[in-house]
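K.L.:
Can you read through this structure? Questions will come right after.
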Amino acid sequence: MTYLAKPKLHHPALPKNALGYTRRDYEGAISTLCASCGHDSISAAIIQAFFELSIAPHRVAKLSGIGCSSKTPTYFLGNSHGFNSVHGRMPSVLTGAALANRDLIYLGVSGDGDSASIGLGQFAHVLRRGVNMVYIVENNGVYGLTKGQFSATADKGSKSKRGAANADEPIDLVMMALTLGASFVARGFSGDKGQLVPLIKAAIEHRGAAFLDVISPCVAFNNHPGSTKSYDYVREHNDAVNRLDFISERAPIVVDVPAGGVQSVPLHDGGTLRLRKLHDDYDPQDKVGALAYLERHRAQGEVVTGLLYVQPDSGDLHEAIATVDRPLNALSDAELVPGSGVLAAFNASLR
Ligand SMILES: Cc1ncc(C[n+]2csc(CCOP(=O)(O)OP(=O)(O)O)c2C)c(N)n1
Ligand code: SF4
Ligand SMILES: [Mg+2]
């Protein structure tokens, strides 16, 4: 993978977070993506979210598959752990890493081709197992890296750059995530950082499988009239269900809350989501309602963004299979190899 290192110098007066880091400490190499690619805006939002939450970069593991989107972890959190896996296989590598070391924060970055085509099975199982992670799909409706073929999220009838219409029904990853059991489901738009940064922060603090679909126009192959993933289309058809402020327990943020229409959602780890509701009838804890809302607005050609569903008391895979509460590399030899007596007793318990 090609990359360009960034100069390390920065202005001494740059704001610092609670750990004493500047935003620059959360950056990566200089992006080699096309200028104005939506994916670069998502990288900037990820940098902002980790900086504002004062999370030490070495506590984060970023994993991806193959695609322009999957290249982006090189361009943020340069001091974090990283693994660029095989096309569509990020979820299983992430699951293994998360089981081995539960102390890290796992960030899976994928594309619509990576997750909705070759990796659809992996996408399904990582969500239904409740792996504790943030799973971001940078969704442009095309295979950007391989020159713009329709992906499985491209809307039926939408046009390619050469004018061909897509004949297939689209896969809506948000609808799938809801039915597969993800305990946090949201959709954002790369061109709306004000909405995206709080969504990423809330997803990081959520325990369990947090899925974030981010519409991210491909300026090279999918940003023309006839595309339903272009900047213009999404801006014209966006229906935001709520505006969200994320308040972390570690760093309370003072917000200007308008009278009425605000709902607080407590999170498992002590953080709180405050939802500034634009639609009185939208309840982000009602999964059936979320599915109906999405379907209704999809029929009207609208792209619904915001926090669509959250289960505040969610568990995760570690809880479900009762794993040891420490990372495997922190266990001693005696704990890892407890002896033949323990093995015999365990085998007997299975008979
Ligand atoms: C096993 C395998 N099959 C096919 C490819 C070719 N390939 C590389 S990237 C890609 C699609 C990427 O699309 P997406 O995940 O949407 O990422 P984008 O480039 O649009 O961000 C494909 C089909 C590959 N690298 N490996
Ligand atoms: S081809 Fe599309 S997705 Fe890939 S870097 Fe260029 S604009 Fe972004
Ligand atoms: Mg894509």
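K.L.:
Inside segment 119-147, can you point out the residues that are farther than 19 Å from I42 by Cβ and touching a residue at least 40 places away in the same chain (Cβ under 8 Å)?
P.N.:
L120, A124, V126, L127, R128, R129, G130, V131, N132, K147
K.L.:
Restricting to segment 117-158, name every residue that is in contact with an Asp or Glu (Cβ under 7 Å, 6 or more places away or on another chain), more than 15 Å from ligand 3 (Cβ to nearest atom) and over 13 Å from F211 (Cβ atoms).
P.N.:
Within segment 117-158, just K156 meets the criteria.
K.L.:
Can you report the number of residues in segment 301-326 which are over 23 Å from the mean Cα position of the chain (by Cα) and open to solvent by less than 60 Å² (accessible area, probe 1.4 Å)?
P.N.:
Total satisfying the criteria: 2.
K.L.:
Go through segment 30-58 and report how many residues are touching a strand residue (DSSP E or B) at 6+ places or on another chain (Cβ under 6 Å) and surrounded by fewer than 20 Cβ atoms within 10 Å (Cβ to Cβ).
P.N.:
Total satisfying the criteria: 1.
K.L.:
Looking only at segment 46-68, filter to residues that are more than 16 Å from ligand 1 (Cβ to nearest atom) and in contact (Cβ under 8 Å) with a residue 60 or more places away in the chain; which one of those is farthest from the chain's Cα centre (by Cα)?
P.N.:
The extreme case among them is S54.
K.L.:
So, one more: What is the one condition in (1) open to solvent by 30 Å² or more (accessible area, probe 1.4 Å); (2) modelled with pLDDT of 90 or more that R187 does not satisfy?
P.N.:
(1)
Results for (1) among the charged types (D, E, K, R); (2) within 16 Å of ligand 3 (Cβ to nearest atom), shown as yes or no for each residue.
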| residue | (1), (2) |
| --- | --- |
| G65 | no, yes |
| C68 | no, yes |
| T74 | no, no |
| H81 | no, no |
| R89 | yes, no |
| S92 | no, no |
| R102 | yes, no |
| S115 | no, yes |
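K.L.:
Would you mind telling me which numbered condition in (1) open to solvent by 10 Å² or more (accessible area, probe 1.4 Å); (2) at positive phi; (3) of a type outside the set (V, I, T) Y143 fails?
P.N.:
Failing condition for Y143: (2).
K.L.:
Run S41 past the list (1) over 23 Å from G119 (Cα atoms); (2) more than 16 Å from ligand 3 (Cβ to nearest atom); (3) in a helix (DSSP H, G or I) and report the number of the one that doesn't hold.
P.N.:
Here S41 meets the rest and fails (2).
K.L.:
Which one of these is open to solvent by less than 10 Å² (accessible area, probe 1.4 Å), over 30 Å from G315 (Cα atoms) and within 15 Å of ligand 2 (Cβ to nearest atom): A220, A154?
P.N.:
Going through A220, A154 in turn, just one is open to solvent by less than 10 Å² (accessible area, probe 1.4 Å), over 30 Å from G315 (Cα atoms) and within 15 Å of ligand 2 (Cβ to nearest atom): A154.
K.L.:
I've got another one for you. Looking at segment 314-327, is at least one residue part of a loop (DSSP other than H, G, I, E, B), out of contact with any Asp or Glu (no Cβ under 6 Å at 6 or more places or on another chain) and at pLDDT below 90?
P.N.:
Within segment 314-327 (the criterion being part of a loop (DSSP other than H, G, I, E, B), out of contact with any Asp or Glu (no Cβ under 6 Å at 6 or more places or on another chain) and at pLDDT below 90), the answer is no, since none of the residues qualifies.
The values are calculated or read from the model by the stated rules, or taken from the named source; none is laboratory data. This is a predicted model, so every value here is computed, not measured. All Cβ positions, even for glycine, are placed from backbone atoms using ideal geometry, and neighbour counts span all protein chains on display. We work out accessible area using only protein heavy atoms, side chains counted, and drop any ligands, DNA or RNA first. Shrake-Rupley method; radii C 1.70, N 1.55, O 1.52, S 1.80 Å.
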